[in-house]
Amino acid sequence: DHIITGSPYLTSFVSTLSSNVSEIPTCVLSINENIGLGKRNDNIFTVGWIGSGSTSKYIDQIARPLKEFLYNHSSRLILIGYRGSAFQNLHNVQLIDWSDNNEHLYLPKINVGIMPLTDDKWSRGKCGFKLIQYMSYGKPTISTPLEANKKIDGSSGNLFANSETEWFDALLSVYQNGDVYRLVGSININRVAQNYLLDVVVPKYESIFKNCLNVQN
């Protein structure tokens, strides 16, 4: 009766099967405005990534520009849930096991959140939840310019990168223009509050279910 998707690619795919399609990306429980915009305990520029063993391959694919950036600038990399091989045993890289507590503990420490992907059918179907997580902490983002990621950004000023050169340049831009990207982080919080909060999403599901079941109240 109704199909719910999480990304434009999936919406396009299932629209050939049904005319009743709603796109509702994964949401977060709350925004973390005070934490996200707070000062870190030090002044080290910090790049952050959150993921899993299965998605660690994507961060490994941009190891060269990331390592070059870390080597040439006073910075560090925090990887939450990482199970790859390219960033083991590096002094300016912190490998953190994923847990809900660690997510809330470490994401406030980053200056920018990254989401590299490959441009294939699997990645196009992904719903961009990493970006929404970073944005809920008031952080700017850099990601592969897939349709879902660009839609989540909504022209808010977040950056996109494909090649190794573009990744390095995007990191350098955030590093050199802190005030600009702190403002982008503030815009991101508002965007999450308007579109990707549980309280915003629940009524959409309720309306769909009621329509499917012909429930009036």
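The values are calculated or read from the model by the stated rules, or taken from the named source; none is laboratory data. Note that the coordinates shown come from a computational prediction; the quantities given were computed from them, not determined experimentally. Every residue, glycine among them, receives a Cβ derived from its backbone with ideal geometry; neighbour counts consider all protein chains shown. For accessibility, only protein heavy atoms count, side chains too; no ligands or nucleic acids. Shrake-Rupley method; radii C 1.70, N 1.55, O 1.52, S 1.80 Å.
Quick notes
- Shape of region 87-181, Cα gyration tensor, a/c cut at 1.5: rounded
- Here each label is just a point 7 Å from Cα along the line to Cβ, and for residue 105 and residue 202 those points are 2.9 nm apart.
- Straight-line cross-link reach from residue 210 at under 12 Å between alpha-carbon atoms covers these aspartates and glutamates, not counting any fewer than eight positions away in the same chain: 1.
- Cα centroid separation - region 1-17 against region 145-203, whole Å: 24
- Percent accessible area from carbon and sulfur atoms, the chain, protein chains only, probe 1.4 Å: 49
- Charge dipole (the chain, unit charges on Cβ, about Cα centre) - positive-most of 187, 205, 110: 110
- A straight Cα-to-Cα reach below 25 Å connects residue 126 with the lysines 57, 139, 150, 151, 204, residues fewer than 8 places away in its own chain not being considered.
- The chain shape via C-alpha gyration tensor axes, a/c threshold 1.5: prolate
- The residues of region 156-216 expose on average 59 square angstrom of accessible surface per residue, using a 1.4 Å probe on protein heavy atoms.
- Taking amide H atoms as placed 1.01 Å from N in the peptide plane, the amide H of residue 160 lies under 5 Å from those of 143, each 5 or more residues away in sequence or on another chain.
- Cα centre as origin, Lys/Arg/Asp/Glu Cβ charges: the chain dipole, Debye: 140
- Accessible area in square angstrom per residue, region 83-132, 1.4 angstrom probe: 53
- Paramagnetic reach from residue 151 (point 7 Å along Cα→Cβ, amide N under 14 Å) across region 10-26: 10-16, 21-26
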